1. Please name all residue pairs, on different chains or six or more residues apart, with Cβ atoms under 6 Å, provided the first residue is in the range 29-40 and is in the same structural domain as ARG14 (by TED's automatic domain parsing) and closer than 9 Å to ILE19 by Cβ and the second residue is of a type in the set (A, V, I, L, M, F, W, C) and assigned to a helix (DSSP H, G or I).
2. Mind listing whichever residues of the range 24-81 are among the aromatic types (Phe, Trp, Tyr), farther than 22 Å from ASN13 by Cα and part of a helix (DSSP H, G or I)?
3. How many residues, within the range 1-47, are surrounded by 10 or more Cβ atoms within 10 Å (Cβ to Cβ) and within 15 Å of the chain's Cα centre (by Cα)?
4. Return the pairs, sorted by first residue and then second, in which the second residue is assigned to a loop (DSSP other than H, G, I, E, B) and of a type outside the set (Asp, Glu), the first residue lies in the range 66-80 and is surrounded by 10 or more Cβ atoms within 10 Å (Cβ to Cβ), the beta carbons are less than 6 Å apart, and the residues are 6+ apart or on different chains.
Amino acid sequence: MVKAIININQRTNRLLNIIKAKYGLKDKSEAIDKMAEQYNEEILEPELRPEYVEKIKKLEKNGKFKRYSSVKELREEIENA
């Protein structure tokens, strides 16, 4: 286990207290672990979730993807949106 002294703002402190209460955790360290676990599941590894795979398959089937011949072409479309 790693120990760290961190500075957090008031809003983050409230959020940690809410997570702590919601999941019946002992302290804010456990709340941070819970947040990291949820972040990992929802943000970092969405490709592993079956719902995500199905969603992508549906998008591919419906033709909502656009192919770009270069990064420059994509960048131009994003900047001009």
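The values are calculated or read from the model by the stated rules, or taken from the named source; none is laboratory data. All values reported here derive from a predicted model rather than from experimental measurement. With ideal geometry, Cβ positions are generated from the backbone for all residues, glycine too; neighbour counts draw on all protein chains shown.
1. ALA31/LEU16; ALA31/ILE19; LYS34/ILE19
2. TYR52, the sole residue that qualifies.
3. Adding up the residues that qualify gives 14.
4. Going by the 6 Å Cβ cut-off, the qualifying pairs are LEU74/TYR68.
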